[in-house]
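Student: Quick one: the structure is below, and I'll ask about it shortly.
The values are calculated or read from the model by the stated rules, or taken from the named source; none is laboratory data. The structure presented is a predicted model; accordingly, all values stated were derived computationally and were not measured. FYI the Cβ positions are ideal-geometry reconstructions off the backbone, even for glycines, and counts take in every protein chain you see.
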Amino acid sequence: MGLIAAVLVAGNALKDMIDLLVKGQLSFGVFFELLYMLVPVVLSYALPFGILTGVLLVLGRLSTQNEIMAMRSAGVGLYRIASPIFFLAVMGVGACLVVNLFYAPNAKSHYKKVLRDTVRVNPVSYVVEKTFIREFPGRVIYVEDKDGDKMINFWLWELDDESRVTSFIRAESAHLEYDEKDDFLLVVLKNCLGEKRIQGDPEDFSKARVRIVHADSLSHKLPLDKIMGGGNSFRKKMSWMNFNELMGELRRWKDSPPEGMTPSEIARGKMQVQIVLHEKLALGFSVLSLAFLGVPLGIKVQRKETSANLAIAIGLSMLFYFSMNMIGLLDKYPAYRPDLLLWLPNFMYQALGFWLWSRIPRSG
């Protein structure tokens, strides 16, 4: 479980943070704080995967070395052999439910807030010299050099919805100021020259007129509402909500849905909340389902090679998570009850486990 959690944490770090750390946009202290917050997030996947891998490794080796046969010959039944595994699996279900419903959503929300606030705490660090900054929607920024809080040879391009340049400006120097009230960065430009293209077809110079702009000082707003889930209000995604928040959201859809919505839109809104809630619950109970399948599978396969058992565990776990993700795509069709269908992978794995149990000879 520790190995799997470490791999998942590393994958998330590479996706979200390594680039910021290399560019100097993230300090080492914040980087390790964010890594710590990722641990509860990945545990909901590491727990089921970890217990299945452990069961296959242990029982596969015991089976290969005839230890299972020796125990059964001594009168120890399969259910007694597997009882410690089921005991640990039940404990794992409880731990996974607590993590999924409380610790992981809270950690994910805090993770996104800290990551988002890096640009607000030190906005100049977010702009890296000799690098095209494209994170601000509809804008591209380039800075040749920095001297403390001062940016030298500053370029700014504004783009339309088709990523065509509608205007650009070049300033001899610039500095950033953060407006906490309205949540935007204000770029103060000094000794600047630029052009403003007429909207319509900014790249057709035979039709579009260009207006040259020259000023000793200009200011430009860089909104932060779409940077790392920005906005001072920080509206949470549904998957980042804990159990209490999800229940409150569900009551809101039932008792006082947004005005002007049709019954089908209200039904879909409620279904989205129910899907997230049932997904967290189903993932928790997957610990028991995978353990129940892993016991007869480990005995039947009889492999002591770590790589072979690990490959089987990866395949079964990926199939489980893939099935849940595909069912989650049915949120647009509440009549199909995708919230209840999320339990289908659990039932299928349990049914397969029962079938494998029935195939094991009762006598030693």
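Student: Does any residue in the range 69-94 that is closer than 15 Å to A291 by Cα and assigned by TED's automatic domain parsing to the domain that holds G353 come within less than 8 Å, Cβ to Cβ, of a residue that is of a type in the set (K, R) and surrounded by 13 or more Cβ atoms within 10 Å (Cβ to Cβ) six or more places away or on a different chain, and which pairs are these?
Tutor: Every condition considered, the pairs that remain are L78/R72; I81/R72.
Student: To continue, here is another question. In the range 248-286, what residues are of a type in the set (A, V, I, L, M) and free of Cβ contacts under 8 Å to residues at least 12 places away in the same chain?
Tutor: Within the range 248-286, just M261 meets the criteria.
Student: Please report, ordered by residue number, the strands (runs of 3 or more DSSP E) entirely within the range 84-188 with at least 3 residues that are more than 26 Å from M1 (Cα to Cα) and at pLDDT below 85.
Tutor: Of the strands (runs of 3 or more DSSP E) lying wholly inside the range 84-188, those with at least 3 residues that are more than 26 Å from M1 (Cα to Cα) and at pLDDT below 85 span 165-179.
Student: Can you name the number of the only condition in (1) among the acidic types (D, E); (2) under 20 Å from A89 (Cα atoms); (3) at pLDDT below 90 that E259 fails?
Tutor: Exception for E259: condition (2).
Student: Given the condition under 22 Å from the mean Cα position of the chain (by Cα) and within 19 Å of M238 (Cα to Cα), answer yes or no: does some residue in the range 300-319 qualify?
Tutor: Among the residues of the range 300-319, not one is under 22 Å from the mean Cα position of the chain (by Cα) and within 19 Å of M238 (Cα to Cα), which makes the answer no.
Student: Taking the range 189-228 on its own, how many of its residues are under 30 Å from the mean Cα position of the chain (by Cα), at pLDDT below 70 and exposed (fewer than 14 other Cβ atoms within 10 Å of the Cβ)?
Tutor: Counting residues in the range 189-228 that are under 30 Å from the mean Cα position of the chain (by Cα), at pLDDT below 70 and exposed (fewer than 14 other Cβ atoms within 10 Å of the Cβ) gives 2.
Student: Could you tell me which numbered condition V76 fails, if it satisfies all but one of (1) closer than 30 Å to A282 by Cα; (2) outside any helix (DSSP H, G or I)?
Tutor: (1)
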